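S.K.: So that we are looking at the same thing, I have put the structure below in structure tokens.
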Amino acid sequence: MNCTTKQVMSLPADTIPKLAYAISGKERKLSSVAEVTIFRIIQEALSNIMRHAEAKLATVSLKYSPSFVSVLVQDDGCGFSVPVTFGGFVSGRKLGLAGIRERVKLLNGSFIINASIGNGTSIRIKVKC
Ligand SMILES: Nc1ncnc2c1ncn2[C@@H]1O[C@H](COP(=O)(O)OP(=O)(O)O)[C@@H](O)[C@H]1O
Ligand SMILES: [Mg+2]
């Protein structure tokens, strides 16, 4: 069964990809709100990769700058068609990406998701902290 068929049938893919991570910039202690926000976002993004992406490789990159932190979570899996708004996901009780967007909004940050079918997915967030 291919990835798209699994998605259509809403079966979890549960594929565990190789995980690579990189930290750049000068690590520093963040506020507990920022810390929890970033942790939850990475957790949800990796959970999505395991459940939906059928990826071979997942990469988490964390970059510390003096006044903000940016996070990029990428995979080389099946990708998906990103809706203009997450309304359809929310009404279908898919709250992960909408939750990420809300958490980032609370910190006045930015959230960019790029995905296309067959070409993997990347989630990029940047929060002031
Ligand atoms: N890394 C990914 N690769 C492929 N599809 C993804 C990925 N992340 C999210 N998706 C798609 O976006 C949908 C919405 O994700 P999310 O809001 O986290 O809800 P849920 O994980 O509960 O289905 C998923 O059902 C899936 O179709
Ligand atoms: Mg999810």
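Readers should treat all values here as calculations from the given coordinates under stated rules, not as data from a laboratory. On a predicted model such as this, the values are computed, not experimentally measured, just so you know. Because the Cβ atoms are built from the backbone with ideal geometry, glycine has one as well, and the counts that use them run over all protein chains shown.
S.K.: Confirm whether LYS63 is free of Cβ contacts under 8 Å to residues at least 24 places away in the same chain and either more than 16 Å from ligand 1 (Cβ to nearest atom) or crowded, with 18+ Cβ neighbours inside 10 Å (or both). Even if it seems obvious, please write down each step before you answer.
M.R.: On the way: free of Cβ contacts under 8 Å to residues at least 24 places away in the same chain: no; either more than 16 Å from ligand 1 (Cβ to nearest atom) or crowded, with 18+ Cβ neighbours inside 10 Å (or both): yes.
Answer is no for this residue.
S.K.: Right, here's the next one. May I ask you to list the residues in the range 14-60 that are away from ligand 1 (no atom under 16 Å from the Cβ), of a type in the set (Gly, Ala, Ser) and loosely packed, with under 12 Cβ neighbours inside 10 Å?
M.R.: Once the filter is applied, which keeps residues that are away from ligand 1 (no atom under 16 Å from the Cβ), of a type in the set (Gly, Ala, Ser) and loosely packed, with under 12 Cβ neighbours inside 10 Å, the range 14-60 yields ALA22, SER24, SER31, SER32.
S.K.: Let me ask you something else. Provide a single number: the residues in the range 94-110 that are more than 7 Å from ligand 1 (Cβ to nearest atom) and either over 22 Å from CYS129 (Cβ atoms) or in a loop (DSSP other than H, G, I, E, B) (or both).
M.R.: The initial filter retains those residues of the range 94-110 that are more than 7 Å from ligand 1 (Cβ to nearest atom), namely 99-110.
Narrowing the set further to residues that are either over 22 Å from CYS129 (Cβ atoms) or in a loop (DSSP other than H, G, I, E, B) (or both) leaves 107-109.
So the count comes out to 3.
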